[in-house]
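Here's the structure, in structure tokens; my notes come after.
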Amino acid sequence: MRRAWTSPVLLLIAGAGAATGLFRQERPWAGGVLLLMFVLLAAMTSPLLFPRSIGALEARRRSAVDGRPVVFWRPGCTYCMRLRIRLGRKARRLYWVDIWRDEAGAELVREANDGDETVPTLLVAGRPYTNPDPAWVREQVSSSR
């Protein structure tokens, strides 16, 4: 859990430090804008942007029942963020597994990627796909039951 929040917290600390310097130089607008940028970056790299994660075993069980894909991801991954943002509201129809919280999910990703924890890795009908095109993923979500 701690590892997922390390990057966002460090971004907030760095942003607060940089903004404080600008505030002390009597440049409040620049400080406020800089602080806002760091807060937005922290939010984007935090687990808050993603739908609630479940365990890999539960996600695979649910996927077997309704045919929805399973996404294995980790906080701070730019490719995972790109996929999540490009999916929009359809992202809620997928099952998301945070590999930093779920060892079974991390193991499945390592098996699918020759020992690497490359994410996002999708599991569609039991078959893994590493870093797929978001348009293709939208098609898979639309075609699932």
(message) Run the paramagnetic zone check for residue 25: 7 angstrom along Cα to Cβ, then residues of region 31-61 with backbone nitrogen under 14 Å.
(response) 31-35
(request) Hey, can you grab everything whose amide H is under 5 Å from the amide H of residue 96? Only 5+ residues off in sequence or another chain; H modelled, so Pro and N-termini drop out. (result) 54, 71
(request) Work out how far the C-alpha atoms of region 2-48 reach from end to end along every principal axis, then list the three figures in whole Å, largest first. (result) 35, 14, 7
(request) Within region 86-113, find all residues whose amide N lies under 20 Å from a label point positioned 7 Å from the Cα of residue 49 along Cα-to-beta-carbon. (result) 86-102
(message) Connecting C-alpha atoms closer than 10 Å in a GNM of the chain, tell me which of 14, 56, 112 has the biggest fluctuation.
(response) 14
(request) Just tell me, in residue order, which DSSP H segments of the chain are both 18 angstrom or longer along the helix axis (alpha-carbon based) and at least -1.0 in mean Kyte-Doolittle hydropathy. (result) 2-24, 28-45
(message) Given an 8 Å cut-off on Cα distances and at least 6 residues of separation, report the relative contact order of region 50-143 as a percent.
(response) 34 percent
(request) Only one of the values [x] 2, 10, 20, 24, 20, 13, 7, 3, 0, 0, 0; [y] 2, 6, 11, 12, 9, 6, 4, 3, 3, 5, 6, 8, 10, 8, 5, 1, 0; [z] 2, 10, 18, 19, 16, 11, 8, 6, 5, 3, 2, 0 was calculated from this structure for P(r) over Cα pairs in 5 Å bins from 0, in percent; name its label. (result) [z]
(request) Take every DSSP beta bridge whose two residues both sit in the chain, then give the antiparallel share in percent to the nearest 5. (result) 65 percent
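No lab work stands behind these numbers, since they all come straight from the coordinates. What you are looking at is a predicted structure, and each value in this text was computed from that prediction instead of being measured. Here Cβ is always computed from backbone atoms with ideal geometry, including for glycine, and neighbour counts include all displayed protein chains.
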